[in-house]
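This report concerns only the one structure given below.
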Amino acid sequence: MSYPWQKPGLTPDQQAAAVVAAMTTDEKFAWLSGPMAIPLTKDDKLPPEAIGSAAYYPAIPRLGIPALQQSDASLGVSALGGVRPGDHATALPSSLALGASFDPQLAEASGELLGREAFSKGFNVQLAGGANLIREPRGGRNFEYISEDPLLTGIIAGHSVRGIQSQHVVSTVKHFAVNAQETGRVLADSRLNESALRESDLLAFELAIEIGEPGAVMPGYNLINGHWASENAFLLSQVLKGDWRYPGWVMSDWGATHSATKAALAGLDVQSGANLDQQVWFDRPLREAVDRGEIKATKIDEMIRRILRSLFACGAIQHPAQRGRPIDYSWHQLIAQREAEQGIVLLKNDRNTLPLAPELSRILVVGAHADQGVLAGGGSSAVTPQGSLQFEGVDFMGIQTPKVYHPSSPLAAIRHNSLAKRVDFVSGESLDEALTAAEGSDAVIVFAEEWRSEALDAQGLSLDAHQNQLITRLSAVHSTVIVVLQTGGAVTLPWLESVPALLEAWYPGSGGGEAIAGVLFGRVNPAGRLPITFPADDQQLPHPTQKDPNTTTSLPGVEITGEVFEIDYNVEGADVGYRWFARQQHKPLFPFGFGLSYTQFRYENLQLSQTYGKISASVTLTNSGERSGSEVVQIYLRPVSGRYPSRLVAFKKVTLDAGESQRIDLGIEPRVIAQWDCTQQHWSITGEEVEIYQASDASSVGLTATVTLAAQSFGYPRH
């Protein structure tokens, strides 16, 4: 049987139009709203065709259109609430670890892994692509996002999305936009002026969309400048579908739709998780709005066309997902391990404590269930491979989501990588036991953890008091205490001066234990660089105080209780993260871009060129150490006038053998150095003198050169 969209030579837009022309009204509306495909009560029943996941929209067999089967999230194919008993999936490291790799090719490879597993489990839409800037360092979902910098975030997120969609699976980007905290996330009104918004959060999404061409965009739960993200006409119609000419569809977050007419006219195409909303807005209320003439019938057609267009563009209709296709989990674990290895950041290494020598006699491993596995973040992105250790977590939209440790034991990996005669483990719950066990050890490796989850912000930046005391006490009696952090973001470290070596491993995923051991013993030369700033304390932040989570609701629901409250992000404006620290002249604990290596690198001969307003930089990089390693070449720009703080304008990860040199060329993205002119509605680069410099991190200046920018303006075709 042939279908109208199978005519040779049709573009995705033409294929979508052919299907829309043949659809009935009921078929169209069946795709405009849908409940969560996870039973929330014992009386909830899923359609027999639904796999059990975030969402299901019915197939249209007579037109050859498969069902939409949608799954969370960026870190693996999750099965929230155990909806698919016995399901196994590869757990990728947190997106912060991917950001720390500064490696677009690695991002694409991990995206391909995610797409392959989704496709083989029967899913054709993956709710991935977290691209929010990390404005609030204590945010509960920071581990799902990439960095505080728009260039790094946009490039890494874009390549991750591209990898997913190469497997005939649509990926979203989310949560559009300025969705920085979980406390009161359904009532928080993010206030930020247009120029700052365009130069920071929106720029990250713009770059990610250009690179990855995601099939769908998901707004957040929050309001932006007084309007819910899901019915914000400025975001969805003016910027996304207007200025950026975005051709895909906009789906709400689950339980984040608040109207029919306003939302549809603003640019929302699908009401997701409609059973969590006050009502199913995109069914009867939307039909009645069409009948009243508030919304044209052609608008409904456009909404459906956008969905179909994205499905055709990535081949999800031509190549339907094959549930039950074999998955090579061993291969995938090696890819996840590689990502974790590249994302681990060596923050301190006094006296060349690391890598640990193979001839040690006794090693003590302490804390964080390192005998069982590695910590994972919580919420809808949580992946729970078979064999995971689970504890009580949070109640998330009526679903219990556990605190999970992925089954990749650092203790077992340390024993495998070490030639030590004894590698012992203590839980760290008893200080006395840990102190006694440390006696006679050549090295003490302490695993410290900080758990974050969707719907749960960190309260402050500190580890819990017991862990801080444990590390302080151990370092007072032992000279070789190595700390391995597993955190969902930046933390403060009051004992930092007392320990000789420190690693940030984030949430390292299915190969995390092996990755950590590889860095500890030198099989892996650490190459991660911080994608976020580690503040010295909360008082350095643009917003030092936090709203009490008990005073507002964080969960979507049919009745959202509480009042809308504003968060004034104009305090920092476009100067997010390291830019804020430079503007305020704060000295952070560790700056953005920081990371050490087991080798050394030397930079020489920085040169700039400017042709037709486009700037390029080139520099010679030499591995001057005694072993191969990877360096992240970072190029920053700042105006000589000091009009705004330094910005990362280019980066490239380079691997060199010992003694090898390479000339590195980097192009500079013009929007990163431009300002948005709200009056003229275009980007503007002022003809001013700027300093462009190579740096090992955002706080360090290496080679420098100056250039006078060519004055120019550029914008978007008006519509």
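Selection of region 1-60 for residues being surrounded by fewer than 18 Cβ atoms within 10 Å (Cβ to Cβ), more than 24 Å from Leu286 (Cβ to Cβ) and of a type in the set (S, T, N, Q) yields Ser2, Gln6, Thr11, Gln14, Thr41.
Within region 580-596, the residues that satisfy the criterion of being part of a loop (DSSP other than H, G, I, E, B) and either under 23 Å from the mean Cα position of the chain (by Cα) or buried (at least 23 other Cβ atoms within 10 Å of the Cβ) (or both) are Pro588, Leu589, Pro591, Phe592, Gly593, Phe594, Gly595. Residue-level analysis places Val640 outside the set of residues that are out of contact with any His (no Cβ under 6 Å at 6 or more places or on another chain), among the β-branched types (Val, Ile, Thr) and open to solvent by less than 20 Å² (accessible area, probe 1.4 Å). For residues in region 659-681 being in a strand (DSSP E or B) and under 16 Å from Gly613 (Cα atoms), which is least open to solvent (accessible area, probe 1.4 Å)? Restricting to residues being in a strand (DSSP E or B) and under 16 Å from Gly613 (Cα atoms), the top hit is Leu666. Scanning region 314-327 for residues that are over 19 Å from Gly76 (Cβ atoms) and either without any contact (Cβ under 8 Å) to a residue 40 or more places away in the chain or open to solvent by less than 60 Å² (accessible area, probe 1.4 Å) (or both) yields a total of 4. Scanning region 160-190 for residues that are among the charged types (D, E, K, R) and surrounded by fewer than 24 Cβ atoms within 10 Å (Cβ to Cβ) gives Arg162, Asp189.
Flag: Lys348 matches the condition of being in a strand (DSSP E or B), in contact with a strand residue (DSSP E or B) (Cβ under 9 Å, 6 or more places away or on another chain), open to solvent by 10 Å² or more (accessible area, probe 1.4 Å) and within 25 Å of Gly629 (Cα to Cα). Considering each of Arg627, Arg602 in turn, give the residue that is within 24 Å of Glu504 (Cα to Cα), modelled with pLDDT of 95 or more, over 29 Å from the mean Cα position of the chain (by Cα) and basic (Lys, Arg). None of the other options fit; the residue is Arg627. Is region 79-98 home to any residue that is buried (at least 21 other Cβ atoms within 10 Å of the Cβ) and either under 30 Å from Ala18 (Cβ atoms) or modelled with pLDDT under 95 (or both)? Yes, region 79-98 has at least one match. Reported count of residues in region 72-104, each being more than 16 Å from the chain's Cα centre (by Cα) and at negative phi, is 9. Go through (1) touching a Gly at 6+ places or on another chain (Cβ under 7 Å); (2) over 21 Å from Ser74 (Cβ atoms); (3) of a type in the set (D, E, K, R) and name the single condition Lys403 misses. Failed condition: (2).
Consider region 261-283 and keep the residues that are in contact with a helix residue (DSSP H, G or I) (Cβ under 9 Å, 6 or more places away or on another chain) and not in a loop (DSSP other than H, G, I, E, B). The one that is surrounded by the most Cβ atoms within 10 Å (Cβ to Cβ) is Gln271. Within region 8-27, the set of residues being assigned to a loop (DSSP other than H, G, I, E, B) and under 34 Å from the mean Cα position of the chain (by Cα) comprises just one member, Thr11. Sub-8 Å Cβ pairs linking a first residue in region 97-125 that is closer than 22 Å to Asn142 by Cα to a second residue that is among the aromatic types (Phe, Trp, Tyr) and open to solvent by less than 10 Å² (accessible area, probe 1.4 Å), at least 6 apart or interchain, are Ala97/Trp506; Ala97/Tyr507; Gly99/Tyr145; Ala100/Trp506, ordered by first then second residue.
Of everything in region 198-217, what is more than 14 Å from the chain's Cα centre (by Cα), closer than 12 Å to Asn132 by Cβ and touching a residue at least 40 places away in the same chain (Cβ under 8 Å)? Give them in sequence order. Answer for region 198-217, where residues must be more than 14 Å from the chain's Cα centre (by Cα), closer than 12 Å to Asn132 by Cβ and touching a residue at least 40 places away in the same chain (Cβ under 8 Å): just Ser200. Starting from region 560-572, keep only residues that are more than 25 Å from His586 (Cβ to Cβ), then list their pairs with residues that are basic (Lys, Arg) and surrounded by 13 or more Cβ atoms within 10 Å (Cβ to Cβ) whose Cβ atoms are within a distance under 9 Å, requiring at least 6 positions of separation or different chains. Filtered contacts from region 560-572: Phe565/Lys547. Does Ala490 fit the bill of being open to solvent by less than 10 Å² (accessible area, probe 1.4 Å), assigned to a loop (DSSP other than H, G, I, E, B) and closer than 23 Å to Glu144 by Cα? Considered against the rule, which asks whether it is open to solvent by less than 10 Å² (accessible area, probe 1.4 Å), assigned to a loop (DSSP other than H, G, I, E, B) and closer than 23 Å to Glu144 by Cα, Ala490 comes out as yes.
Can you go through Ser479, Ser462 and tell me which one is free of Cβ contacts under 8 Å to residues at least 40 places away in the same chain, among the hydroxyl-bearing types (Ser, Thr, Tyr) and within 30 Å of Asp395 (Cα to Cα)? Unique residue meeting the criteria: Ser462. The residues of region 412-437 that are among the aliphatic types (A, V, I, L, M), open to solvent by less than 50 Å² (accessible area, probe 1.4 Å) and under 14 Å from Leu356 (Cβ atoms), listed by number, are Ala413, Ile414, Ala420, Val423. In region 638-659, the residues that are more than 11 Å from Val690 (Cβ to Cβ) reach residues that are modelled with pLDDT under 95 with C-beta atoms within less than 8 angstrom, at least six apart or across chains, in these pairs: Ala650/Glu669. Give me a count of the residues in region 85-120 that are part of a loop (DSSP other than H, G, I, E, B) and more than 17 Å from Thr172 (Cβ to Cβ). Number of matching residues: 11. With a requirement of 2 or more residues that are in contact with a His (Cβ under 7 Å, 6 or more places away or on another chain), none of the strands (runs of 3 or more DSSP E) lying completely within region 369-466 satisfies it. Of the candidates Asp283, Asp301, Asp291, the single residue that is in contact with a Ser or Thr (Cβ under 7 Å, 6 or more places away or on another chain) and among the acidic types (Asp, Glu) is Asp283. Of all residues in region 300-309, at least one satisfies being aliphatic (A, V, I, L, M), within 25 Å of Asn179 (Cβ to Cβ) and crowded, with 18+ Cβ neighbours inside 10 Å.
Can you tell me which residue within region 64-78, out of those that are in contact with a strand residue (DSSP E or B) (Cβ under 9 Å, 6 or more places away or on another chain) and open to solvent by less than 10 Å² (accessible area, probe 1.4 Å), is nearest to Asp328 (Cα to Cα)? Taking the candidates together, the pick is Val77. Counting just the residues of region 682-706 that are hydrophobic (A, V, I, L, M, F, W, C) and in contact with a Ser or Thr (Cβ under 9 Å, 6 or more places away or on another chain), which one comes out most open to solvent (accessible area, probe 1.4 Å)? Only one residue fits best here, namely Val701.
The values are calculated or read from the model by the stated rules, or taken from the named source; none is laboratory data. Remember, predicted model here, so these are calculated numbers, not experimental data. Note that we place each Cβ from the backbone using ideal geometry, even for glycine, and neighbour counts take in every protein chain shown. Just so you know, the surface numbers come from the protein's heavy atoms only, side chains and all, with ligands and any DNA or RNA stripped out. Shrake-Rupley method; radii C 1.70, N 1.55, O 1.52, S 1.80 Å.
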